[in-house]
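Data block below; observations after.
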Amino acid sequence: MKRIALLIVALAAIGSASAQVQFGEGQVSGSLETNTIYYMDDSTIGDTPEDRFGSNNYMKVDYSNGRFTAGVQVNAFLPVLQGYNDLATGRKFYLSSKYIQWQDDNYELLVGDIFDQLGNGLIFRSFEDRQLGLNNSLEGIRGAYNFGNYVQVKGMYGRPRLYTEYADSWVRAADVSVSLSDIFSMEESLFNIEGSYVNRNQSLALDNMIDFGMAGLTNPNLNMYSARANFGWRGLSLRGEYVGKGKDLAAAAQTAVAGSAILGEVGYNYNTFSIMGTFRQLDNMATRLSLYDSGIGNTLNYLPALTRQYTYMLANLNPYQVNTEGEIGGQVDACYSLRSEEDRYRYWNMHVNYSTFYTLHSYQSASGKSERLWQDFNFDVERQWNKQLKTIFLYSFQEWNPYHGYKHRTYVSNIFVGDVTYKFNRKNSLRVEAQYLWSDEYEGDWVAGLVEYSMAPKWSIFFSDMYNIDLTKTNYYSGGFSYTHNRTRVQLSYGRNRAGYVCSGGVCRYSPAYTGFNLVLTSSF
Amino acid sequence: MKRLLSLVVLMMSVMSLSAQQLPDVKIENAQGKIVSIRSVAKGKPMIISYWSITCKPCIQELNAINDALEEWREEADFEVVAISTDDARMKASAKTIASSRGWDFICLFDDKQTLKRAMNVSLTPQSFVVDANGKIVFSHSGYTPGSEQLLFDKILELKKKK
């Protein structure tokens, strides 16, 4: 507890001095974040970790002067939180990124750790996700040049970060984007064609115990390419991407296979009506940074689940985990807003979403047939009645395959949510959520609720509870408060947290159950 | 722990108040064209608000700003810029939501999160008030119903300074 107190004092100090720093013509800015947990004994959910204290901390500092910028980020795990044990064992303090950059009107040069994405990320995305404990930035050099608004070219070369170290591989990438609408002066429309190439090079002889030849992999170079087109005219938008990938040993595959992906998107909007449909097919697209490592941080590309992401507890209990070996499916989103002409505080917002995915290959299922992996039909209706009162109703029908398509078996959940916000005056408001999950399978029925009282702009207190009625009969409760002062926000809570998966980009981190105090502080300056 | 504390103390020891310039980063607008964040408001003050599909208070804040916007614009000439940080997974849904909600804003899409990193946004909602010269004069994390008024108060302060 002494360590938590020390941390609070230190971080509160930086919060209270939130400001920018001026060095001559240049300026320094940055951010600080801590996620700290003190684990308590709770026999209901299992053993208490040996070290009751866990703290993941991040500090980023940037300096800019005209067209020049530079920055560093340091991470401190004091020690690392439970569930992030692949990131570090025990305590770790290290420089997680650094860069210097020059940006002119038509060109840009960066030396250091690169965060970037080509197209939709299907062949390359380097990014940081602190919740997932993921940072696969590329340490190297990147240059980009714009030929007016007509053509943009970009190239990069470097070695990827793998957790707190670097992978033994090298990645080079090139990207070109041509704006046909600018070349042919099509002022009312958008028409781009784009292409990318990515190469990962890694020696296949770094470990005598591994015989890649036996798995059919003999080439140390993996090549991937992407071709894309984007079109927009008035309310209509069309996007397409095709990706090809050479023979590679994906984490899940026993033998080296080539991969491919197709992404298509059609959208239309008119006034306050909007609809968007997305189709995607993935065929052996999981791509590792290093052939010698595993885990969720060992990923070169971005293959997210194209399903609705919820903010309600029960709707998020069993999120879809993308099947990178082979899946085909998509989703449709439609929104409509009906608004009063006389009163801006009276309107209806309606949203319908449907997503479904199936296995792609016959070998993925015991039956040899395409099996449903996921289905979610959901809608929500939001009604702003007046300045004081807003209500939301959400329904979701979710069907998921616990065997990832191997067996013809799915679990079905029906989720109902009611959400009411009442504003007493300009500063005080109350929000109440009531949720029910009805299912005859898996863990059966759940009920959940949340009460949150806010005093704008600084304080908010909340209490929530989630209870499994049928199988485990376990309560997952949480209560706490948050305080905000300008760019600093502190949240302190105590509760019992359910084990589950946090997913992003086709990778999911298993987060173990725990009971304890949780301090989250973010500040920027 | 000692090293972290030393870093915090070091950071604090070099701090002095000043206004931060908006970084020169280009991101996508609602039409899919790449635009510079510095040029979108065309010389007017602006409120920048970061949001994402999974951030419920962010959408609450944008709805609240939109509800009050007509009245606010009678008192001051400024722009509201809503920046979605949704990546490839939710960008399409973010565009659908943004175009259907009747938001009277400039909507931008930072799917590579380049601007988010450059502005050191580690938590959403995060809002900024930027003056006509591109200097950030105020920022605020989180949202509680009613706190949108803080942003407009800062816009009014800028108007008085003119």
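The values are calculated or read from the model by the stated rules, or taken from the named source; none is laboratory data. Since the model is a prediction, treat every value here as computed from it, not as a measurement. Here the Cβ positions follow ideal geometry from the backbone for every residue, glycine too, while neighbour counts run over all protein chains shown.
One residue alone among A:L282, A:L300, A:L291 is touching a helix residue (DSSP H, G or I) at 6+ places or on another chain (Cβ under 8 Å) and aliphatic (A, V, I, L, M), and that residue is A:L291. Just one residue in the set A:Q152, A:Q101, A:Q82, A:Q117 is over 30 Å from A:A499 (Cβ atoms), touching a Phe, Trp or Tyr at 6+ places or on another chain (Cβ under 8 Å) and in contact (Cβ under 8 Å) with a residue 40 or more places away in the chain; that residue is A:Q117. Are any of the residues in segment A:181-196 without any contact (Cβ under 8 Å) to a residue 24 or more places away in the chain and in contact with a Gly (Cβ under 7 Å, 6 or more places away or on another chain)? The answer is no; no qualifying residue exists.
Considering only residues in segment A:54-64 that are more than 10 Å from chain B (Cβ to nearest Cβ) and more than 21 Å from the chain's Cα centre (by Cα), the one that is surrounded by the most Cβ atoms within 10 Å (Cβ to Cβ) turns out to be A:G54.
Return the residue satisfying two criteria in turn: it lies in segment A:127-147 and is in contact (Cβ under 8 Å) with a residue 40 or more places away in the chain and among the small types (G, A, S), and of such residues it is nearest to the other protein chains (Cβ to nearest Cβ). So, considering only residues that are in contact (Cβ under 8 Å) with a residue 40 or more places away in the chain and among the small types (G, A, S), the one nearest to the other protein chains (Cβ to nearest Cβ) is A:S137.
Among the residues of segment B:98-136, those identified as more than 7 Å from chain A (Cβ to nearest Cβ), outside any loop (DSSP other than H, G, I, E, B) and of a type outside the set (A, V, I, L, M) are B:C107, B:F109, B:T114, B:K116, B:Q126, B:S127, B:F128, B:K135. Scanning segment A:16-33 for residues that are at pLDDT below 50, more than 17 Å from B:A118 (Cα to Cα) and of a type in the set (A, V, I, L, M, F, W, C) yields a count of 1. Against the numbered list (1) crowded, with 16+ Cβ neighbours inside 10 Å; (2) closer than 24 Å to A:M224 by Cβ, A:L190 comes up short only at (2).
Taken over segment B:40-58, residues that are touching a residue at least 40 places away in the same chain (Cβ under 8 Å) and either assigned to a helix (DSSP H, G or I) or among the small types (G, A, S) (or both) amount to 6.
Grab the strands (runs of 3 or more DSSP E) fully contained in segment A:139-246, keeping just those with 3 or more residues being under 23 Å from A:A286 (Cα atoms) and out of contact with any Asp or Glu (no Cβ under 8 Å at 6 or more places or on another chain). Working first, answer last.
Details: elements: A:151-162, A:170-179, A:189-201, A:221-233.
The qualifying strands (runs of 3 or more DSSP E) are A:170-179, A:189-201, A:221-233.
Filtering segment B:83-97 to residues that are closer than 20 Å to A:I275 by Cβ and either in a helix (DSSP H, G or I) or modelled with pLDDT of 90 or more (or both) leaves B:S84, B:D86, B:K91, B:A92, B:S93, B:A94, B:K95, B:T96, B:I97.
Do the conditions hold for A:E382, that is, is it touching a His at 6+ places or on another chain (Cβ under 9 Å) and facing another protein chain (nearest Cβ under 10 Å)?
Yes, satisfied.
Once segment B:71-85 is narrowed to residues that are surrounded by fewer than 23 Cβ atoms within 10 Å (Cβ to Cβ), in contact (Cβ under 8 Å) with a residue 24 or more places away in the chain and of a type outside the set (F, W, Y), the residue that is farthest from A:G267 (Cα to Cα) is B:E75. Assessment of segment A:194-203 against the conditions (within 15 Å of B:K33 (Cα to Cα), buried (at least 17 other Cβ atoms within 10 Å of the Cβ), within 29 Å of the chain's Cα centre (by Cα) and at pLDDT below 95) yields no matching residue. Within segment B:18-39, the set of residues being farther than 10 Å from B:L115 by Cβ, touching a residue at least 40 places away in the same chain (Cβ under 8 Å) and at the interface with chain A (Cβ under 8 Å from one of its Cβ atoms) comprises B:A19, B:Q20, B:Q21.
For first residues located in segment A:214-241 and more than 29 Å from B:K33 (Cα to Cα), partners that are of a type in the set (D, E, K, R) and part of a strand (DSSP E or B) and lie 6+ apart or on another chain with Cβ distances below 6 Å form the pairs A:L222/A:R200; A:L222/A:D248. Of all residues in segment A:276-297, those satisfying the criterion of being surrounded by fewer than 23 Cβ atoms within 10 Å (Cβ to Cβ), in a strand (DSSP E or B) and in contact (Cβ under 8 Å) with a residue 60 or more places away in the chain are A:Q281, A:D283. If the condition is being at negative phi and in a loop (DSSP other than H, G, I, E, B), then segment A:440-454 contributes A:D440, A:E441, A:E443, A:D445. In the condition set (1) crowded, with 20+ Cβ neighbours inside 10 Å; (2) more than 10 Å from chain A (Cβ to nearest Cβ); (3) not in a helix (DSSP H, G or I), B:S139 is compliant with all but (2). No other residue among A:T474, A:T488, A:T522 is surrounded by fewer than 17 Cβ atoms within 10 Å (Cβ to Cβ) and β-branched (V, I, T) apart from A:T474.
For segment A:69-96, the set of residues classified as of a type in the set (A, V, I, L, M) and either more than 10 Å from chain B (Cβ to nearest Cβ) or touching an Asp or Glu at 6+ places or on another chain (Cβ under 9 Å) (or both) consists of A:A70, A:V72, A:V80, A:L81, A:L87, A:A88, A:L95, listed by residue number.
Within segment A:327-346, being more than 9 Å from every other protein chain (Cβ to nearest Cβ) and either of a type in the set (A, V, I, L, M, F, W, C) or in contact with a Leu (Cβ under 8 Å, 6 or more places away or on another chain) (or both) holds for A:E327, A:I328, A:G329, A:G330, A:V332, A:L338.
Quick grid of which residues meet (1) over 26 Å from the mean Cα position of the chain (by Cα); (2) closer than 22 Å to A:N230 by Cβ; (3) more than 10 Å from every other protein chain (Cβ to nearest Cβ):
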| site | (1), (2), (3) |
| --- | --- |
| A:G121 | no, yes, no |
| A:R161 | no, no, yes |
| A:R172 | no, no, yes |
| A:D182 | yes, yes, no |
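Among residues of segment A:415-442 that are in contact (Cβ under 8 Å) with a residue 24 or more places away in the chain and at the interface with chain B (Cβ under 8 Å from one of its Cβ atoms), those with a Cβ under 8 angstrom from a residue that is in a loop (DSSP other than H, G, I, E, B) and surrounded by fewer than 20 Cβ atoms within 10 Å (Cβ to Cβ), sequence gap 6+ or separate chain, pair up as A:K423/A:K387; A:K423/A:Q388; A:K423/B:G146; A:R426/B:G146; A:K427/B:G146; A:N428/B:G146; A:S429/B:G146.
For segment B:40-62, taking the residues that are within 12 Å of chain A (Cβ to nearest Cβ) and farther than 17 Å from B:K95 by Cβ, the one that is surrounded by the most Cβ atoms within 10 Å (Cβ to Cβ) is identified as B:E61. Is at least one residue of segment A:298-312 crowded, with 20+ Cβ neighbours inside 10 Å, of a type in the set (V, I, T) and either touching a residue at least 12 places away in the same chain (Cβ under 8 Å) or outside any loop (DSSP other than H, G, I, E, B) (or both)? There is at least one residue in segment A:298-312 that is crowded, with 20+ Cβ neighbours inside 10 Å, of a type in the set (V, I, T) and either touching a residue at least 12 places away in the same chain (Cβ under 8 Å) or outside any loop (DSSP other than H, G, I, E, B) (or both).
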